[in-house]
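Every read-out reported here was derived from the displayed coordinates using simple, explicitly stated rules and does not represent laboratory data. This is a predicted model, so every value here is computed, not measured. As a convention, Cβ positions derive from the backbone with ideal geometry for all residues, glycine included, and neighbour counts pool all protein chains shown.
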Amino acid sequence: MDQARRLLALDVFRGITIAGMILVNNPGSWDSVYSPLLHADWHGCTPTDLVFPFFLFMVGVSVAFALGKRKERGDKHAGIVKKILTRTAIIFGLGLFLAAMPNFGIKEPQDAGSKIIFHYIFLGIATLSVFFKEVFSARQQLRRTFLYLAIASVLGMVVIGWNMYDFSRLRIPGVLQRIALVYGFCGLLFLKTGWRAQLLIGLGLLLLYWGLMTLVPVPDGYPPNLDPTTNLGAWLDRTLLGGHLWSQAKVWDPEGILSTMPAFVTGISGVLTGLWLKTSKSDHEKVSALLAFGAILVTIGLIWDLFFPINKKIWTSSYVFYSSGLALLSLGVIYWLTDVLKIKWWTKPFVVYGTNALIAYVISSIVAKLLYSIHWTTEGGTSQTLGNWLYHNFFTPYLSSYNASLAYALANVFFVLGIAWILYSRKIFIKV
């Protein structure tokens, strides 16, 4: 196979994953959600629990392809490391940005007056500047101008809000933050080691995490356990992050510190897959290996589940094997359909999502935040949000509660798809 050929399956699989993330994150009502679109309560795995590890798996695959090109042509490692660290910081910062929305920690925003208005003006300028920086990617002077404008706008937000911000409860872990850390770790590991070392490090991390979670007593006085609030990972989150945890749990975080260790291995599984896809093997050999190793990993995950239960919220080692195996099987099937059999009529929406995956997720998160932060007082004196108004006026009158909730989530998927399609049609691919 011509290694220069871009594999359609990679964009399609990434696009399916992003569409899935938007779908499960934005129901019309959390009281009316079909069970496959919810996370498992604790141990166990639903289709929704596969979305995030699938994306981390694809982060690893992308590392092998994108950084592999620079490594193969002999680029200096210092420059590549700088790129990896910069991208890690930007993605992590985007995660903090989304966590801070919509008030950005502004104390008593109703009393801030004109400062709030200027705050959001600067925010709008910074956002548009980042967008146009990518639109004019071929014109270095304009790119530099928009970059400086974005930086100046952020500094303006800092100046006018210096005495207004209160980030004492800002959640530090998060989805984008974990993506950033996995990208950074896998990028540096890929740059400095070969596939054998990557495999051994990955296996070592999974065994180490298993040992820590099942053998080490919790300093709070509890024996080793996997309960939500008393396991070693939860203790570490409380100790190091205090009040900066997931608001719904308060004393632990599903993207916590210790569970990021096995999440690294999910990314490593993607790196190793990417390296295999870059070889000169035939398409049939590649697909066969994806399916075979996928089945093997799923089997190992199910066996390990008997001793270390599959659990997304603490990202157990069995969960890494199980979800990575299913990712391999899924990618293998998509590869067979799109790149071998050339059945492509269904792929365009997912390609659109997959080529602007990160920005699609950010847009969906911003839209969701705005829908439930824009509100007004009704004639009856109750508060009404834009999201609830749309849901109860355009969905619940015509559909059952569960179908209305699903239709609202699908509307979010198609809305973001429309924005991504505009970018795709104009060949605008926003990368950080």
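Could you work out the relative contact order of the chain? I mean the mean sequence separation of Cα pairs under 8 Å and 6+ apart, divided by the number of residues, in percent.
Numbers: 629 pairs, mean separation 118.3, N = 432.
Over the chain, the number comes to 27 percent.
Relative to one another, the C-alpha centroids of the stretch 310-343 and the stretch 246-278 are positioned 15 Å apart. Here the chain is assigned +1 on the Cβ of each Lys and Arg and -1 on the Cβ of each Asp and Glu. Its dipole about the Cα centre then comes out at about 1980 debye.
Take the alpha carbon gyration tensor of the stretch 157-283, find the square roots of its eigenvalues, order them as a ≥ b ≥ c, and report rounded if a/c is under 1.5; if not, report prolate when a/b exceeds b/c, else oblate. It is oblate, given that a/c is not under 1.5 and a/b is not larger than b/c. Note on V320, V340, V24: ascending count of other Cβ atoms within 10 Å places them as V340, V24, V320, the fewest first. Please build a GNM for the chain, connecting alpha carbons under 10 Å apart, and tell me which residue among L181, L417, L215 fluctuates the most. Comparing L181, L417, L215 in a Gaussian network model of the chain, the most mobile one is L215.
Only helices enter this figure: runs of n ≥ 4 DSSP H residues, each worth -39500 (n - 2.57), summed and divided by the residues of the chain, yield -21500 deg cm²/dmol at 222 nm to the nearest 500.
By its C-alpha gyration tensor, with a ≥ b ≥ c as the square roots of the eigenvalues, how is the stretch 136-223 shaped: rounded for a/c under 1.5, else prolate for a/b larger than b/c, else oblate? Oblate is the answer for the stretch 136-223, as a/c is 1.5 or above yet b/c matches or exceeds a/b.
Would the stretch 1-110 count as rounded, prolate or oblate if I go by the C-alpha gyration tensor, calling it rounded below 1.5 in a/c and otherwise prolate when a/b exceeds b/c, oblate otherwise? In terms of gyration-tensor shape, oblate.
For the stretch 3-108, a simple Cβ point-charge model (Lys and Arg +1, Asp and Glu -1, everything else neutral) yields a dipole of about 980 debye relative to the Cα centre. With Cα atoms as the point set, the radius of gyration and Dmax of the stretch 302-407 evaluate to 20.9, 61 Å.
If you rank W195, W315, W345 by fewest surrounding Cβ atoms within 10 Å, what's the result? Write down the numbers at each step before the final one.
Working: W195 14, W315 27, W345 6.
By the 10 Å Cβ count, ascending: W345, W195, W315.
The charge dipole of the stretch 331-432, taken about the Cα centre with unit charges on the Cβ atoms of Lys, Arg (+1) and Asp, Glu (-1), comes to about 520 debye, rounded to the nearest 20. The HN-Hα couplings worked out from phi for the stretch 215-220 by the Karplus form 6.51 cos²θ - 1.76 cosθ + 1.60 (θ = phi - 60°) are 10, 8, x, 7, x, 5 Hz, whole numbers, x standing for Gly and Pro.
By other beta-carbon atoms within 10 Å, ranking F185, F190 with the fewest at the front produces F185, F190.
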